[in-house]
Structures are given as C-alpha cells and as structure tokens.
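Peer 1: Next up is a structure, given as structure tokens.
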Amino acid sequence: MGRLSWIAIFISTFFFMELAAYLLHKYVMHGFLWSLHQDHHVQNKNRKWQKNDFFAFVFAIPSFCFILIDSLLGAPALGSIGFGIMAYGGAYFLVHEVIIHRRIVLFSRLKHWYLVALNTAHKVHHANHGKENTHSLGMLVVPWKYFRDSRIKNNKK
Ligand SMILES: [Zn+2]
Ligand SMILES: [Zn+2]
C-alpha cells in the first residue's frame, strides 16, 4: 500500500468520524442511551467523571482493535482507519473536554474564530438540558451561522 493511499484513508476516516459522532450524538446519546448522556447535560459539579465519558470507548475500542490487527497481521488499510479514529478521538477530546468545557485547564481564553464558533454552537446545544435536543449536534462542523457570526465579530476587532 502506498503512502498516499494510507494518508487518504487516514484523512477520510477523520472526516467520516465527524459524521459518525454526529449520528451517535443524535440517535444514540439523545436516543436509546440518553441515560448515559444525561449527566453531561445536567452536570454534577462535584463529580470528576460522567457516565457520558463511557462514549470515549466508542472511539477507543475500534481504533485499538484496528491498529492491533494491523500490527499483528499487517493490514495497513485497517491501521490507517485505526489511526484516523484515534486522531479524531484526540481532536474531539481536545475541543470538547479541554477547550469547550475546560475540564482540564491547558489554555487561556479562546480567540480563534473557528474555536469561538465551535464553543458558541456547543453551548447552545447545552442550553437545552433535555433528551429532545437536536441543536448543534456536531463537534468540529457546526451550523454555518456560528462560523459567520464568529468571523464578523473577529473582523470588527
Ligand atoms: Zn447532547
Ligand atoms: Zn458538551
């Protein structure tokens, strides 16, 4: 397998995972596994972990298995999918837990228009504590108006 195909699969997987995460959020987290996602919307500030953190395994398990199979049996296409999922999981963690919710404080305030848009969109998702909440379910791709508003504010500065 050529290096370019490997990278193409890796990048496609990364973007596919945004769609997968969107669908997971819409149909599973705000669907039949709402019981696990609920404590992310109605948070208990005294608790470090949320039941919602369980969903990290949805990224980690397939990623781990694909990379393991690749390293044992030599299946580079599977390996690149595994690393693509891992990269998306890392980006999701960084954006959602660190940058937006600040569960670990690594950075000072957000300034970049892209991150400001993601933050605003996700905070609007959180403004509704209920199961029937279909607003801004994506993480790295959010409704266009948030990007537009954030760009406008950014240009005024
Ligand atoms: Zn939600
Ligand atoms: Zn959140």
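Peer 1: Taking helices (runs of 4 or more DSSP H) that do not extend beyond region 23-101, which have at least 3 residues that are among the hydrophobic types (A, V, I, L, M, F, W, C) and within 16 Å of ligand 2 (Cβ to nearest atom)?
Peer 2: Helices (runs of 4 or more DSSP H) meeting the threshold: 56-73.
Peer 1: Another question, if that's okay. Among what's in region 130-157 and is surrounded by fewer than 12 Cβ atoms within 10 Å (Cβ to Cβ) and within 19 Å of the chain's Cα centre (by Cα), pick the residue that is modelled with the lowest pLDDT.
Peer 2: Out of the qualifying residues, it is THR134.
Peer 1: Additional query: Quickly run through region 110-129 and pick out the residues that are open to solvent by 20 Å² or more (accessible area, probe 1.4 Å), at pLDDT 90 or above and within 24 Å of VAL28 (Cβ to Cβ).
Peer 2: Of everything in region 110-129, those that are open to solvent by 20 Å² or more (accessible area, probe 1.4 Å), at pLDDT 90 or above and within 24 Å of VAL28 (Cβ to Cβ) turn out to be ASN119, LYS123, VAL124, HIS126, ALA127.
Peer 1: Cβ-Cβ under 7 Å, sequence separation 6+ or interchain: first residue in region 6-33 and of a type in the set (Ser, Thr, Tyr), partner not in a helix (DSSP H, G or I). Which pairs?
Peer 2: That search, which allows pairs on different chains as well, returns TYR22/LEU137; TYR22/GLY138.
Peer 1: Give region 14-38 a look and list any residue that's more than 10 Å from ligand 1 (Cβ to nearest atom), within 17 Å of the chain's Cα centre (by Cα) and not hydrophobic (A, V, I, L, M, F, W, C), or say none.
Peer 2: Hits for region 14-38 are GLU18, TYR22, TYR27.
Peer 1: Kindly indicate whether PHE107 is away from ligand 1 (no atom under 16 Å from the Cβ) and either in a helix (DSSP H, G or I) or buried (at least 18 other Cβ atoms within 10 Å of the Cβ) (or both).
Peer 2: It is false that PHE107 is away from ligand 1 (no atom under 16 Å from the Cβ) and either in a helix (DSSP H, G or I) or buried (at least 18 other Cβ atoms within 10 Å of the Cβ) (or both).
Peer 1: State which residue is farthest from ligand 1 (Cβ to nearest atom) when the search covers only region 119-156 and only residues that are outside any loop (DSSP other than H, G, I, E, B) and under 18 Å from GLN43 (Cβ atoms).
Peer 2: Result: ASN119.
Peer 1: I would also like to ask the following. In region 9-32, which residues are over 18 Å from GLY89 (Cα atoms) and open to solvent by 50 Å² or more (accessible area, probe 1.4 Å)?
Peer 2: Within region 9-32, TYR27, PHE32 qualify.
Peer 1: In the list PHE64, PHE93, which residue meets the criterion of being more than 20 Å from HIS37 (Cα to Cα), surrounded by 14 or more Cβ atoms within 10 Å (Cβ to Cβ) and of a type in the set (Phe, Trp, Tyr)?
Peer 2: When all the criteria are applied, what remains is PHE64.
Peer 1: Related question: Evaluate region 93-100: report whether one residue or more is among the aromatic types (Phe, Trp, Tyr) and within 16 Å of MET17 (Cβ to Cβ).
Peer 2: Within region 93-100, one or more residues are among the aromatic types (Phe, Trp, Tyr) and within 16 Å of MET17 (Cβ to Cβ).
Peer 1: Since LYS48 meets every condition but one in (1) touching a Leu at 6+ places or on another chain (Cβ under 6 Å); (2) open to solvent by 50 Å² or more (accessible area, probe 1.4 Å), which condition does it not meet?
Peer 2: Here LYS48 meets the rest and fails (1).
Peer 1: Could I ask something else about it? Which ones in region 136-152 are hydrophobic (A, V, I, L, M, F, W, C) and free of Cβ contacts under 8 Å to residues at least 12 places away in the same chain?
Peer 2: Answer for region 136-152, where residues must be hydrophobic (A, V, I, L, M, F, W, C) and free of Cβ contacts under 8 Å to residues at least 12 places away in the same chain: TRP144, ILE152.
Peer 1: OK, next. List every residue pair whose Cβ atoms lie under 7 Å apart, where the two residues are 6 or more positions apart in sequence or sit on different chains, the first residue falls within region 68-84 and is open to solvent by less than 50 Å² (accessible area, probe 1.4 Å), and the second residue, located anywhere, is not in a helix (DSSP H, G or I).
Peer 2: Listed by first residue and then by second, the contacts come to ALA77/MET1.
The values are calculated or read from the model by the stated rules, or taken from the named source; none is laboratory data. No experiment lies behind these values; they were computed from the predicted model shown. Neighbour counts run over all protein chains shown; Cβ positions are idealised from the backbone, glycine included. For the accessible areas, the whole protein counts, side chains as well, though only heavy atoms, and no ligand, DNA or RNA atoms are used. Shrake-Rupley method; radii C 1.70, N 1.55, O 1.52, S 1.80 Å.
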